[in-house]
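Taken together, the values in this text are just the output of simple stated rules run on the coordinates, not laboratory data. These numbers come from a predicted model, not from an experiment. As a convention, Cβ positions derive from the backbone with ideal geometry for all residues, glycine included, and neighbour counts pool all protein chains shown.
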There are 2 protein chains.
Amino acid sequence: MLNSLVYKAIAHPIRRDILKRLRDGPKTAGELSSHYDLSKPSLSSHFAVLKEADLIFAKRSGNHIYYNLNVSVANEVLSALMELFGIEREI
Amino acid sequence: MLNSLVYKAIAHPIRRDILKRLRDGPKTAGELSSHYDLSKPSLSSHFAVLKEADLIFAKRSGNHIYYNLNVSVANEVLSALMELFGIEREI
DNA sequence: ACACTATTTAGGATTTAATCTAATTAGATT
DNA sequence: AATCTAATTAGATTAAATCCTAAATAGTGT
C-alpha cells in the first residue's frame, strides 16, 4: 500500500500548489518561494515533507537546486486512492 | 477546485480505513468502532471530519445510524488529484 | 582559499489535531 | 412518558504541524 507520508504531504494547500507548479517542469526553491508569502525556511520545510513522501526530488545545477515532480509516485497516489474508493482505472 | 477539507480528511489512517470499509456498503458507527482501539467519541470525531469533507453521509434506520460512502465526491477527489499531477483520465 | 549565493538546520512560539472521560442528546420501543 | 440503546457534544490534555528569526551549511566561482 501507499506510504502514509504521501497523504500528509498533499494535505497542505501550499504543498499542493508546489506540486502543481512542478508539473510544468523543474523549479528552484527561490523561484517557487516568490509565489508565497512565506519565509524561505518555512518553504524549505514544505520541500522536506514533499521529499520525505518521495513526491519530489532535487537536482543541483550550478548555483541552484531544482525540484522535480516524481511522476511515478504521483501515479501511485492515484492508484492507491482509486483502490481506497473502489474505483477502477481504465487502462 | 476541490474542498481543502477532503485532503485533510484522507490524511489520517483511521479515516482512510473507514472509507475503505464503507466501499462494501453502509456500516453503523458501532460496527466500525469495533475495528479500532479508539474510544467512540474519538471515532465520532473522525466521522465528523469525513462528513465535513462530504466524503460520507449518515442515514438513520431504526436504532442505528448508517454511514455511507459518498461516491460522487470520491470521484471528484480523483479528478482533482489527476489535475494536480497533470495526469489525464481515460473516459 | 575567500567570498558569494542559495538553501537548510536550529530553536522556539503559536496553532491545529487527536484523544480521553464524563455528560448529554436523539430517537426507538415498550 | 419512561427507559433503553446508539451516538454525539463538552471540556481538558497531549501530540503534531506550522511558522518565524537567526545561524549554519553547501557548493560555485573568482
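Numbers below:
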{"read-out": "Per-copy distances of the A:S39 label point, shortest first, in nm (7 angstrom along Cα→Cβ)", "value": "3.6"}
{"read-out": "Table column - 3J(HN,Hα) (Hz), the stretch B:63-76, Karplus curve with 6.51, -1.76, 1.60, x for Gly and Pro", "value": "8, 10, 10, 9, 9, 10, 6, 8, 5, 5, 5, 4, 5, 5"}
{"read-out": "Within chain A, helix-based [θ] at 222 nm, where runs of 4 or more DSSP H residues each add -39,500 (n - 2.57), nearest 500", "value": "-15500 deg cm²/dmol"}
{"read-out": "For the stretch B:8-47: rounded, prolate or oblate by the Cα gyration tensor [a/c cutoff 1.5]", "value": "oblate"}
{"read-out": "Between the stretch B:21-41 and the stretch A:42-72, the alpha-carbon center distance in angstrom", "value": "38"}
{"read-out": "Reachable aspartates and glutamates from A:K40, criterion Cα separation under 14 angstrom, eight or more residues apart if same chain", "value": "A:E31"}
{"read-out": "Rounded, prolate or oblate (a/c below 1.5 giving rounded, otherwise prolate when a/b exceeds b/c) for the protein assembly as shown by Cα gyration tensor", "value": "prolate"}
{"read-out": "Inter-copy spacing of B:N63 label points, which lie 7 Å from Cα along Cα→Cβ, given in nm from shortest upward", "value": "7.4"}
{"read-out": "Amide proton proximity set for B:I56, modelled H, under 5 Å, gap of 5+", "value": "B:K51, B:N70"}
{"read-out": "Nonlocal amide H pairs with A:I65, under 5 Å, H built at 1.01 Å", "value": "A:A29"}
{"read-out": "Over 23 Å (Cα to Cα) - which of A:K20/A:K51; A:K20/B:K8; A:K20/B:K51; A:K8/B:K59; A:K51/B:K8; A:K59/B:K8 fall in this group", "value": "A:K20/B:K51; A:K8/B:K59; A:K59/B:K8"}
{"read-out": "Mean shadow area of chain A over all directions, Cα convex hull, nm²", "value": "6.6"}
